[in-house]
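These notes are about the structure you will find just below.
The values are calculated or read from the model by the stated rules, or taken from the named source; none is laboratory data. Computed from a prediction, not measured in an experiment: that's the story for all the values here. Positions of Cβ are generated from backbone atoms using ideal geometry, with glycine treated the same way; all protein chains shown enter the neighbour counts. Please note that ligands, DNA and RNA were not included when accessible areas were found on the heavy atoms of the full protein model with its side chains. Shrake-Rupley method; radii C 1.70, N 1.55, O 1.52, S 1.80 Å.
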Amino acid sequence: MSNKLKIKYKKDFTELRRLINSWNFIPDSPLDEFDSLNHLILSILNKEGDEFKLTKSVHHELTINYGISIGMEESAEFVKDVKNWWMNHK
């Protein structure tokens with residue numbers, strides 16, 4: 001990976017971490033609690049995955065891996081926020 005891509009990824013990662021943490025899925029959790037979700041989302045976005053795939057993946061990560069009780073509709077709302085950020089952050 002080129003240095004330019006590493007810098008961009010780090011910037012994207014930091015910005016997305018702020019967005020994820022703003023949802024307060026687990027109150028008072030460490031700032032890096034959702035870094036695996038962050039990596040997953042960036043991977044899908046960088047591969048130009050569609051909103052359906054992103055929503056299913058996020059929902060699975062939150063409910064299965066983190067044990068958070070969240071409906072698919074809430075996951076879809078979160079993904080809309082993520083997509084808006086992705087489209088406007090560049």
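Within the same chain, aspartates and glutamates fewer than 8 places from Lys6 are excluded, and of the rest, those with a Cα less than 15 Å from its Cα are Glu15. Each of Asn65, Asn46, Leu5 was placed along the dipole of the chain (beta-carbon charges, centred on the mean Cα), and the one lying farthest toward the positive end is Leu5. The structure-derived value of semi-axes √(5λ) of the Cα gyration tensor in Å appears in the list (1) 23, 13, 11; (2) 30, 15, 12; (3) 21, 15, 12 under the label (3).
Given a 1.4 Å probe, how much area per residue of the chain is accessible, in Å²? Accessible area per residue, the chain: 65 Å². Would you work out what percent of the accessible area of the chain, with all protein chains in place, is carbon or sulfur (probe 1.4 Å)? Answer for the chain: carbon and sulfur cover 54 percent of the accessible area.
For the chain, hydrophobic long helices are taken as DSSP H runs at least 18 Å long by C-alpha position along their axis with mean Kyte-Doolittle hydropathy of -1.0 or more; these are 72-88.
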